[in-house]
Amino acid sequence: MYLIFDLDGTLVDSLAGIASALNRALESLGLPSHPESAVTTFIGKGSLELARQAMPSGSPEPLAHELDAAFQREYADQWKAGSHLYPGIDTLIHSLHREGHQLAILSNKPDAFTREIVDHFFPGDIFTQVLGKSERFARKPAPDAARFLLDQWNIHPSDARFIGDSDVDRQTAENAHIPFIGVAWGYHPSTGLGDTVAESSDQLGNLLRTSS
């Protein structure tokens, strides 16, 4: 099976690091900070959209770009202390790799951070492709990057599965015609994830192994 995973909220709980870096960036610009419960709702559409949602209503667009740049500077220092794998994910991913499944990451997090985090938690060649947000592809839910992965594997969309925690992930899968499996432990309500939702890493493993 060919498996495409979202990163934040699916494999890695990075909320604490994101919230800390965002609030430091906001404070550096004299803007009000947010509790983690609010920051959760900002995650999933990339760092610039995170900045837009964190700013006070009516803020000018140039300020969003300034906040985004400040956030990325802060996040470079904050992410390791504020990120960890969800329970059972390390065992699941390594098991899938040993079983011969082809694994990829597709995230809206900036590409450099995506690769750094994947290398930290999954060193080696566990994932055949790691794609974060870059100029190469439009961000999710655009299907461009997902279709690129299908082309790299030379497979039909029905031969892959897309795994994520948000409606952005679900829409990406639908736009690329890839069957979707949601995870209930992430940052977004599971009610928007469709009919197939895993409640634990063990259940996700069972769903992946029986969906081929």
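The values are calculated or read from the model by the stated rules, or taken from the named source; none is laboratory data. Predicted model only: the values in this text are computed from it and were never measured. Cβ coordinates were reconstructed from backbone atoms using ideal geometry, including for glycine residues, and neighbour counts include every protein chain displayed. For accessibility, only protein heavy atoms count, side chains too; no ligands or nucleic acids. Shrake-Rupley method; radii C 1.70, N 1.55, O 1.52, S 1.80 Å.
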Take Ala64 and decide whether it is open to solvent by less than 10 Å² (accessible area, probe 1.4 Å), more than 17 Å from the chain's Cα centre (by Cα) and more than 24 Å from Gly124 (Cβ to Cβ).
yes
Residue in the range 108-133 that is surrounded by the fewest Cβ atoms within 10 Å (Cβ to Cβ), counting only those that are of a type outside the set (A, V, I, L, M, F, W, C) and closer than 18 Å to Ala16 by Cα
His120
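Let's see how each residue does on (1) touching a residue at least 24 places away in the same chain (Cβ under 8 Å); (2) farther than 21 Å from Leu22 by Cβ; (3) under 16 Å from the mean Cα position of the chain (by Cα):
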site: Ile43; (1), (2), (3): yes, no, yes
site: Gly46; (1), (2), (3): yes, no, yes
site: Ala69; (1), (2), (3): no, no, no
site: Gln78; (1), (2), (3): yes, no, no
Pick from the range 1-30, criterion surrounded by fewer than 17 Cβ atoms within 10 Å (Cβ to Cβ) and out of contact with any strand residue (DSSP E or B) (no Cβ under 7 Å at 6 or more places or on another chain), ranking: nearest to Lys80 (Cα to Cα)
Ala16
Which strands (runs of 3 or more DSSP E) sit wholly inside the range 104-212 and have at least 1 residues that are over 15 Å from the mean Cα position of the chain (by Cα)?
160-164
Does the range 134-145 contain any residue that is touching a Ser or Thr at 6+ places or on another chain (Cβ under 7 Å), over 29 Å from Arg161 (Cβ atoms) and modelled with pLDDT of 95 or more?
no
